[in-house]
């Protein structure tokens, strides 16, 4: 009697995390026994190791056996331990792939489920598919609750790589140091014991496990990395943008967090990360497939797939958890500089800009003059010029071709600023006296926050109106309203910070001697700029503080500069950090005959 021919089959196994050490061997052993008992021969295995089953994305082995079944099929069945190992994507996803396999002539058997081959089995398949998906939904909610509790209650750092400049220190529940992990640019991790002695290097593919009761803190790491972080914040406070900062770091040969070259995005993420002021920050991005995290820390169903950046109002921030690498004052100053640069757009670019960029305006076409390098023939000499944007952009019908040599005009402007602000020593001293007297008198009156409160109330009303509009699902521009709401909340944060700062100043008492010293240093710094002892960036910022604008008449070949009239106005301009101060008092004008 001929032996019964065995059914050709392949096996599929999957485990969700590499913490389930025996999951895949156990699945294979169970399925192998079942196949031998029921007349199946397993030709090969398809295995997805440490991959979630909530979606087929990223499951290479799963996609491969589906492809093999529909193309060069050499098997008639797929054996899998149970439905949850096949997929946790829900009834729709499981039904979709089962239908594709059925159309290819391949049967899927869940060995541990024992589903009958009738209508009842089809019903049970749908129920168990739903149960498999619901398990993932519940697990997602539980994981979010645990992660949020760990951040907000235990004040323990989240998983993943430590921010650049920090190491991760593992502590017991009572604060005893267990070990410290330093993340290296090549992906490896360096482990130190409780006394700070080197223990081992951990390969990049190997995780860093911890006991559930352990508390993780960020601590300052490699001193060179810490120095680089502080340098980035200092450059931002000085007015340098993300790209210019990255270029400076690359020029100095400083490796980025990944060991390569710096880019503007790495610099931006660092400057906006509250971790550097000593705070834990969580939920900056959403990567989960089922739930995201709402602003109050509760799970919310995700609408999209893949990684998305969350708005700032959804970040979970816990202040004063670990040692900061920069002070809160420096962090907020950097944030304010970034806001100023964003509002100023291209005019805030600190490098390769001309001293008078943004100040020169044509009286005929009312457009600014651009900085440009022109080639002079026949010697092919290249020189810096200010050129009329009206002619350059639109041609002779709009304005006359006008170009002014940059270096002579820059020297003339700097000389006039010196003449007006610093020429009279007695007048300068009197200006300092008047400035100190005015500030001390204002201090006695106290800070007035009524204007800020009025503006804050208006923003709050707009927020309430926008929230009410978002509740109306018939509106077509929901995304636009959400963006507007985020902007309004950011305005409210800035106004509340201004109000708090202004209210705090009521209790502060300025020292008259310190204020006088500050005023003299500011005027001395102006002198250094005029003597060419400061960087181009600092010199340009000072000139823009004291010069309102310069009108150029291209037909008369003349120019008129409008600026603050004296040292007192200059000090007042510095104290309030205003660029255009001509509206505060009548500007002082100087004229010059320009060669075009």
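Considering 171, 184, the condition of being outside the structural domain of residue 86 (by TED's automatic domain parsing), under 32 Å from the mean Cα position of the chain (by Cα), at pLDDT 80 or above and under 30 Å from residue 254 (Cα atoms) is satisfied by 184 alone. Applying the criterion of being within 14 Å of residue 372 (Cα to Cα) and touching a strand residue (DSSP E or B) at 6+ places or on another chain (Cβ under 8 Å) to the residues of the range 392-408, the residue that is surrounded by the most Cβ atoms within 10 Å (Cβ to Cβ) is 402. Evaluating residue 290 against the criteria (1) more than 22 Å from the chain's Cα centre (by Cα); (2) without any contact (Cβ under 8 Å) to a residue 60 or more places away in the chain leaves one unmet condition, (2).
Selection of strands (runs of 3 or more DSSP E) fully inside the range 232-308 by the criterion of at least 3 residues being modelled with pLDDT under 80 returns 291-293, 299-301. Residue 139 fulfils the conditions (1) out of contact with any helix residue (DSSP H, G or I) (no Cβ under 8 Å at 6 or more places or on another chain); (2) in contact (Cβ under 8 Å) with a residue 24 or more places away in the chain except for a single criterion, (2).
When we screen 251, 142, 222, 214 for residues that are surrounded by fewer than 20 Cβ atoms within 10 Å (Cβ to Cβ) and within 30 Å of residue 340 (Cβ to Cβ), the only hit is 251.
For the range 192-230, residues that are modelled with pLDDT of 85 or more and in a loop (DSSP other than H, G, I, E, B) total 9. Tally time: how many residues in the range 372-412 are out of contact with any helix residue (DSSP H, G or I) (no Cβ under 7 Å at 6 or more places or on another chain), in a strand (DSSP E or B) and farther than 17 Å from residue 560 by Cβ? Matching residues across the range 372-412 total 11. Any chance the range 284-296 includes a residue that's surrounded by fewer than 16 Cβ atoms within 10 Å (Cβ to Cβ) and under 30 Å from residue 175 (Cβ atoms)? Within the range 284-296, one or more residues are surrounded by fewer than 16 Cβ atoms within 10 Å (Cβ to Cβ) and under 30 Å from residue 175 (Cβ atoms). A single entry from 411, 366 fulfils the requirement of being closer than 12 Å to residue 552 by Cα and exposed (fewer than 15 other Cβ atoms within 10 Å of the Cβ): 366.
Being loosely packed, with under 12 Cβ neighbours inside 10 Å and touching a residue at least 24 places away in the same chain (Cβ under 8 Å) is a property that residue 132 lacks.
The values are calculated or read from the model by the stated rules, or taken from the named source; none is laboratory data. On a predicted model such as this, the values are computed, not experimentally measured, just so you know. Every residue, glycine among them, receives a Cβ derived from its backbone with ideal geometry; neighbour counts consider all protein chains shown.
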